[in-house]
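Trainee: Starting off with a structure, shown below.
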Amino acid sequence: MMWKEMTLTGWGRSSRATVAAGRPERARDLTALLGDHHARGVIAYGSGRSYGDAPLNDGGQVLLTGRLNRLLSFDADTGELVCEAGVTFADLQRVFLPRGFCVPVTPGTAFATIGGAVANDVHGKNHDRVGSFGDHVLWLDLVLASGAVERVSPDHHPELFAATIGGVGLTGVILHVCFRMIPVPSPWLTVREQRIADLDGFFDAFESVRDEADYSVGWIDGLARGRRLGRGILETAAFADGAVRPVAARRPRRVPVDLPGIALNPLSVALFNRLYYRRVPARGRSRAVPAERFFYPLDGLHDWNRIYGKRGFYQFQCVIPDDAARAGIRLALEEIGAARSASFLAVLKTLGGAGRGHLSFPMRGYTLALDFPRRDKAGALLVRLERIVLDHGGRVYLAKDAVLSADGFAAMYPGLADLRAVLAEVDPDRRFQSDLARRLGIAGRES
Amino acid sequence: MSAATWLVLGASSPVARAFAAAAAADGHGVLLAGRDLDDLERTAGDIAIRHGVAAEAVAFDATDYDSHGDIIASCRAKAAGTLNLFLAFAMMPEQADMEGDFALARATIEATYVGAASVLSAAVPMLEAQGRGHVVVLGSVAGDRGRLKNYVYGSAKAGLHTFVQGLRARLSSAGVSVTTVKPGFIDTGMTWGQPGLFLVASPEACARACLRYAERGADVRYFPWFWWGIMAIIKAIPERIFKRLSI
């Protein structure tokens, strides 16, 4: 039997879809499955680490790419790697960090797939220095709606390439990706942590480190208000030379059950956030940690999304351009603080510039990300945040999104017209569809 | 086991692929045999990169019987150390499709049973000459009793089980272990989307178990182990009752 009826969710578990899922075990299965047309279309689903509805297709088909997870070639001289799209970052880091190579860009979870990294043009804590994942893709092989496999790169089918980088899976199924791993002197990072007293302090600190630090990330207490607004910890990091003695890696733990909704309340979260802030001594500290611990702080807690209970949560991530960032991020944090919507730490980072995709998220500016439990007032808060982002010339990250409006989306993503032109050409019959694409009218508003 | 080479026959299947990876993780070389060379070369590349062992794709067609002797000989020539065999190929169309189409039923029997008997026979002189090594044959719980829903495939596996029993006796005097593994439900394309499955095991777990059984020189094993009990019950049902069951 080729298709299996199942219910899938995004990582936030706020979006849910009943789908017919196909799970190709080799390239030819993929072609066969694509040939089995469905009126509601099909979308590739990697590890399900997008938070919202990007990989979901309610009432239609999805293709689970997890078994297409082989490393096809690796050149240790150039770092050039070719792999199938279902390979995860965890896989790559496990194989290559001990050999002195690291992925050039990694999202905050290692469980994401390389196909997902391309389709969402993901960024890491080094965006200012090296750009997003799509900037490192030398070429990729794409299975089109017709079943034909097309190799696309910045030189070969550049329009299709630009439509696929950050294209949320709508141009086809990514089969192989070629990119360069970067040589690193050790599998450890020297991480400097310092307390930052308030939001202005954060912007000042980022202005001085964003051009120098290889990696930087800020953790903000989303519940701090008034003069403490934006209080948090700034981490900067660089790969350590081989001589350091890192702190021990932690054993993964698991959230065994859905926690009840009451577990996350303003008091418990405020306590956690306060402890997180106090953990770092007032004078700051510097230490070597295993790379995975810096890159993937939450991966040590498997199924952490269950902390938010059955109803799930929303993640909100936006970027606001440099000149409007101080005002925009402040306004957003004030809204969030006023809503008292319990959230763990918010993440503040800098982004260096635009990506190569028509729908690439990055632009030069500051990006803020945080979670909200899915409660009644969360929807209204997200609407206000969308407004703030629009008013400050920013955009919302589709990989995290479950609620953005189609109008807001169109205003935030000026590359949309170019993407639509490509889609009209390569997939006129809309073989590729998703809940996200329908919600945002990405391929054109529903007729 | 000191480093050996595993010839994996039918290496595109998920259990076989996982078996090759598990063997490679233990430092053994792998020869990946099957028809889909493009796919096998991907797996070979993956294993070579991850585990740093020799990994190569080998063209093999279960029903091209005349070729089996040469394939075994060339694999023996290529392999470092002892050459072991993991036989994982089979064909399992829907029973209903075979009922109106004997050609399909025959192809199933040929690929699943005759092909296996052929390549195992071709390997016997090599294994005897080697005087050591392991053979693992993937059987099936479907071969333990002919069922309404799956008897063509089941009969081929039953034939294979019996063949392998004899082969075990023959090779035991040569110091070669022969292990039959009868998997229950494994999470592969064969079971994907099938209704009524329970306790489905991962291909990786099945593969690791197969490797462990081989190292211990086990004879017949169910995987997961509790299928022994399930099949004991199914085999014990009197035929006059069993024939009325639609399982």
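Trainee: Within 10 Å, count the other beta carbons around each residue, average over each peptide in B:18-28, B:141-151, B:186-196, and list them highest first.
Mentor: Values: B:18-28: 21.8, B:141-151: 18.3, B:186-196: 15.6.
Per-residue mean Cβ counts within 10 Å order the peptides as B:18-28, B:141-151, B:186-196.
Trainee: Continuing with the same structure: Cα axis of helix A:199-209 to longest principal axis of chain A: angle in degrees, 0 to 90, nearest 10?
Mentor: Compared with the principal axis, the helix lies near 70 degrees.
Trainee: Here's something else I'd like to know. Can you compute the modelled spin-label distance between A:L298 and A:E335, with each label point 7 Å from Cα toward Cβ, in nm?
Mentor: In this crude label model, A:L298 to A:E335 measures out at 2.0 nm.
Trainee: Other chains near A:70-81: what is the mean number of their Cβ atoms within 10 Å of each residue's Cβ?
Mentor: Numbers: counts 12, 7, 7, 5, 4, 0, 1, 0, 0, 0, 0, 1.
That average works out to 3.
Trainee: Residue by residue, what Karplus-based ³J(HN,Hα) values in Hz, rounded to whole numbers, does the range A:295-310 have, using 6.51, -1.76 and 1.60 with θ = phi - 60° and x for Gly and Pro?
Mentor: 6, 10, x, 8, 5, x, 10, 4, 6, 5, 5, 6, 4, 7, x, 5
Trainee: With a Förster radius of 60 Å, plug the Cβ-Cβ distance of A:A282 and B:S74 into 1/(1 + (r/R0)^6) and report the FRET value to the nearest 0.05. Let's see the in-between values first.
Mentor: Numbers: r = 70 Å, r/R0 = 1.17.
E between A:A282 and B:S74, to the nearest 0.05, is 0.30.
Trainee: Need the C-alpha centroid separation for the range B:162-183 versus the range A:407-436, integer Å.
Mentor: Cα centroid of the range B:162-183 versus Cα centroid of the range A:407-436: 59 Å apart.
Trainee: Between A:A327 and A:E425, what FRET efficiency follows from the Cβ-Cβ distance if R0 is 41 Å, with the result rounded to 0.05? Please list the in-between numbers first.
Mentor: Working: r = 40 Å, r/R0 = 0.98.
After rounding to 0.05, the efficiency reads 0.50.
Trainee: Using only Cα atoms and rounding to the nearest 10 degrees, what angle (0 to 90) does helix A:322-339 make with the longest principal axis of chain A?
Mentor: 80 degrees
Trainee: Any of A:K4/A:K125; A:K4/B:K157; B:K78/B:K149; A:K349/A:K377; A:K310/B:K182 with alpha carbons more than 31 Å apart? Name them for me.
Mentor: A:K4/A:K125; B:K78/B:K149; A:K310/B:K182
Trainee: Amide H to amide H under 5 Å from A:V191: which residues, 5+ apart in sequence or cross-chain, H placed 1.01 Å off N in plane?
Mentor: A:R287, A:A288, A:V289
Trainee: Could you pull out every residue, at least 5 positions away or on a different chain, whose amide H is within less than 5 Å of the one on A:G166? Hs are placed 1.01 Å off N in the peptide plane, and Pro or chain starts have none.
Mentor: Amide H neighbours of A:G166: A:A119, A:N120, A:D121.
Trainee: Something else about it: In nanometres, what is the gap between the two model label sites at A:S268 and A:K310, each 7 Å from Cα along Cα-to-Cβ?
Mentor: For the pair A:S268/A:K310, the computed spacing is 1.7 nm.
Trainee: Whole angstrom only: what separates the Cα centroid of the range A:151-215 from the Cα centroid of the range A:1-41?
Mentor: Here the two parts' Cα centres lie 29 Å apart.
Trainee: Just order A:213-226, A:296-309, A:356-369 by mean Cβ neighbour count inside 10 Å, highest at the front, would you?
Mentor: Details: A:213-226: 22.1, A:296-309: 17.3, A:356-369: 23.8.
So the order, starting with the most tightly packed, is A:356-369, A:213-226, A:296-309.
Trainee: Taking the alpha-carbon set of the range A:48-110, what are its Rg and Dmax in Å?
Mentor: According to the Cα coordinates of the range A:48-110, Rg and Dmax are 14.3, 47 Å.
Trainee: On to the next question. Report, as an integer, the average count of C-beta atoms from other chains found within 10 Å of each Cβ along B:183-194. Provide the component values of the computation, followed by the final result.
Mentor: Details: counts 0, 0, 0, 0, 2, 3, 9, 1, 2, 9, 10, 2.
Taking the mean over all residues of the peptide, I get 3.
Trainee: What are the residues whose amide H is under 5 Å from the amide H of A:K4, where those residues sit 5 or more places off or on another chain and H is modelled from the backbone?
Mentor: The list, which skips near neighbours in sequence, is A:A21, A:G22.
Trainee: More than 25 angstrom separation, counting every C-alpha pair in the range A:311-410; what % is that?
Mentor: Values: 590 of 4950 pairs.
Pairs farther apart than 25 Å: 12 percent.
Trainee: Here is a further query. Which order do A:E159, A:E207, A:E84 fall in if you start with the one that has the fewest other Cβ atoms within 10 Å?
Mentor: Values: A:E159 16, A:E207 11, A:E84 24.
The order, fewest Cβ neighbours first, is A:E207, A:E159, A:E84.
Trainee: Another question, then. Based on the mean of other Cβ atoms within 10 Å per residue, sort peptides A:270-279, B:162-171, B:39-48 so the most packed one is first. List each step's numbers first, then the result.
Mentor: Working: A:270-279: 14.5, B:162-171: 16.3, B:39-48: 22.7.
In decreasing order of mean packing, A:270-279, B:162-171, B:39-48 become B:39-48, B:162-171, A:270-279.
Trainee: Please give the average number of partner chain Cβ atoms lying within 10 Å of the Cβ of each residue in B:43-55, rounded to a whole number. Spell out each step's value before the answer.
Mentor: On the way: counts 3, 2, 7, 9, 2, 3, 12, 7, 1, 1, 0, 0, 0.
That average works out to 4.
Trainee: Also: Per residue of the range A:271-279, what does 6.51 cos²θ - 1.76 cosθ + 1.60 with θ = phi - 60° give for ³J(HN,Hα)? Whole Hz please, x for Gly and Pro, Karplus curve as stated.
Mentor: After applying 6.51 cos²θ - 1.76 cosθ + 1.60, I find 5, 4, 5, 5, 4, 4, 5, 6, 4 Hz.
Trainee: If you don't mind, there's one more thing I want to ask. Using alpha carbon coordinates only, what is the Rg to Rh ratio of the protein assembly as shown, with Rh defined as the Kirkwood radius? If you can, show how the numbers build up before the last one.
Mentor: Details: Rg = 27.7 Å, Rh = 27.4 Å.
Radius of gyration over Kirkwood radius for the protein assembly as shown works out to 1.01.
Trainee: Quick one: length gained pulling A:D407 to A:K377 fully straight, 0.36 nm per residue minus the C-alpha distance? Please report the intermediate quantities before stating the final value.
Mentor: Working: separation 30, 0.36 × 30 = 10.80 nm, distance 2.15 nm.
8.6 nm is the gain from fully extending A:D407 to A:K377.
Trainee: Stokes-Einstein diffusion coefficient for the range B:11-59 at 25 °C in a medium of 0.890 mPa s, Rh from the Kirkwood formula over Cα pairs: what value in µm²/s?
Mentor: Numbers: Rh = 10.1 Å.
Using the Kirkwood radius from Cα pairs, D works out to 243 µm²/s.
Trainee: Does anyone have the angle between helix A:416-426 and the longest principal axis of chain A? Alpha-carbon axes, 0 to 90°, nearest 10?
Mentor: Here the helix axis deviates by roughly 30 degrees.
Trainee: Using helices alone, I'd like the mean residue ellipticity at 222 nm for chain B: each DSSP H run of four-plus residues gives -39500 (n - 2.57), total over residue count, nearest 500.
Mentor: On the way: 10 runs with 117 residues, N = 247.
Value at 222 nm, helices only: -14500 deg cm²/dmol.
Trainee: May I ask you to evaluate 6.51 cos²θ - 1.76 cosθ + 1.60, the Karplus curve with θ = phi - 60°, for each residue of the range A:255-266 and list the ³J(HN,Hα) values in order in whole Hz, giving x for glycine and proline?
Mentor: Listing the rounded values in order: 8, x, 9, 5, 6, x, x, 6, 4, 9, 10, x Hz.
Trainee: What nm value, rounded to one decimal, do you get for the distance between A:R192 and A:A32 when each label is placed 7 Å out toward the C-beta?
Mentor: 5.7 nm
Taken together, the values in this text are just the output of simple stated rules run on the coordinates, not laboratory data. Since we're looking at a predicted model, the values are computed, not measured. Heads up, the Cβs are rebuilt from the backbone with ideal geometry, glycines too, and the neighbour counts pull from every protein chain shown.
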